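Let me give you the structure first, and then I'll get to my questions.
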Amino acid sequence: MAAAQVLRSEWTKIKSVNSTALTLSLAVIVSVGLGMLISALSKNEFKNLSTADKLTFDPTFISFSGLTLGQLAMIVFGVLVVASEYSTGMIRTSLAAVPQRATFLFSKVAVAALLALVVALVTSFAAFFLGQLMLGDHRTDLGAPNVLRAVLGAAVYMTLIAMFSMGVAAMLRSPMLSLGILMPFFFLVSPILGSVSATKKVAQYFPDQAGLKVMQVVSPPNDDAPYGPWGGLAILLVWVAAALLVGYVLLKKRDA
């Protein structure tokens, strides 16, 4: 089957999954809504901040506060795009139609990643503009230094998290097992290890903690990471590439 036909087939399959529209809609709603709420609360609490905290106040990053929860939907989307075919048994039919497993997997990832990027761009710009609206006098704008980079970086971050989830799902082949590992990792393991001094230096190389740096315009006061926004994005890219590569190797070696 030609590559263009495979891409069209994958697009059709993604559209036919009922949860696709739901999970991507939730990514937008949760990210934007929670970001607006936290931005409004930050505006009201700004006068109570210390002088040091006022100097390191990052209105751009504040507006992205909802993305840490909104990425949950992107993780679910990434997992279901790949692993749902295993749970339904459709993987055997898919691999019979497209025996070239690299073409099969990476066409699926490409189509899903493009869809995730479009949704993530809408999410990041909406979260930014509405978050700044809530911040009032403490807001910033796209013309300020590094703000546009942070807004675009937020969209790239969400897309890469979805791609990382696709790689993990390709490795594990089970929606429940994949989500059972990814959810605790992103929402429990990484935050806890990142807040403990003994493990913080290791946790700062985790995909989420490294990737979040690209959304920051002002570095937090206790930030001692040995890399900047682009270095953090590069670390996340390495995680994504490794997950997809291992997923492909296992897909190639194993039976459907």
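Considering only region 127-171, how many residues are part of a loop (DSSP other than H, G, I, E, B) and out of contact with any Ser or Thr (no Cβ under 7 Å at 6 or more places or on another chain)?
Total meeting the criteria: 7.
Also, I was wondering about something else. Could you say which residue among 246, 218 is of a type in the set (A, V, I, L, M) and modelled with pLDDT under 95?
Every option except 218 fails the conditions.
Given the criterion at pLDDT 85 or above, touching a Pro at 6+ places or on another chain (Cβ under 9 Å) and either on the phi < 0 side of the Ramachandran plot or surrounded by fewer than 18 Cβ atoms within 10 Å (Cβ to Cβ) (or both), identify the matching residue among 140, 123, 60.
Among 140, 123, 60, only 140 is at pLDDT 85 or above, touching a Pro at 6+ places or on another chain (Cβ under 9 Å) and either on the phi < 0 side of the Ramachandran plot or surrounded by fewer than 18 Cβ atoms within 10 Å (Cβ to Cβ) (or both).
Mind listing whichever residues of region 172-184 are surrounded by fewer than 16 Cβ atoms within 10 Å (Cβ to Cβ) and in a helix (DSSP H, G or I)?
Within region 172-184, 176, 177, 180, 183, 184 meet the criteria.
With respect to the numbered conditions (1) surrounded by fewer than 22 Cβ atoms within 10 Å (Cβ to Cβ); (2) polar (S, T, N, Q); (3) at negative phi, which one is the sole condition not fulfilled by residue 146?
(3)
On to the next question. Any residue at all in region 2-20 that's closer than 22 Å to residue 89 by Cα and outside any helix (DSSP H, G or I)?
Yes, region 2-20 has at least one match.
Residue check: is residue 43 surrounded by 13 or more Cβ atoms within 10 Å (Cβ to Cβ) and of a type in the set (Lys, Arg)?
Considered against the rule, which asks whether it is surrounded by 13 or more Cβ atoms within 10 Å (Cβ to Cβ) and of a type in the set (Lys, Arg), residue 43 comes out as yes.
For region 134-187, how many residues meet the condition of being touching a Gly at 6+ places or on another chain (Cβ under 9 Å) and either closer than 22 Å to residue 28 by Cα or without any contact (Cβ under 8 Å) to a residue 40 or more places away in the chain (or both)?
Residues that pass the stated criteria total 14.
I'd like the full set of residues that are assigned to a helix (DSSP H, G or I), in contact (Cβ under 8 Å) with a residue 12 or more places away in the chain and of a type outside the set (Asp, Glu), limited to region 201-221.
203, 207, 209, 210, 211, 212, 213, 214, 215
Just to be sure I understand the filter: pairs with C-beta atoms under 9 Å, separated by 6 or more residues or on different chains, first member in region 232-254 and among the hydrophobic types (A, V, I, L, M, F, W, C), second member in a helix (DSSP H, G or I) and loosely packed, with under 14 Cβ neighbours inside 10 Å. Which pairs pass?
Final answer for the pair search is 251/102.
Ok, one more. Suppose the filter is over 17 Å from the mean Cα position of the chain (by Cα) and under 19 Å from residue 67 (Cβ atoms); does residue 148 pass it?
Yes.
Taking region 69-110 as the search range and keeping residues that are without any contact (Cβ under 8 Å) to a residue 60 or more places away in the chain and in contact with a Leu (Cβ under 8 Å, 6 or more places away or on another chain), which one is surrounded by the fewest Cβ atoms within 10 Å (Cβ to Cβ)?
69
Does region 91-136 hold any residues that are under 24 Å from the mean Cα position of the chain (by Cα), of a type in the set (S, T, N, Q) and under 15 Å from residue 5 (Cα atoms), and which are they?
Passing the criteria: 103, 107.
The values are calculated or read from the model by the stated rules, or taken from the named source; none is laboratory data. This is a predicted model, so every value here is computed, not measured. Glycine gets a Cβ as well: all are built from the backbone with ideal geometry, and neighbour counts include every protein chain shown.
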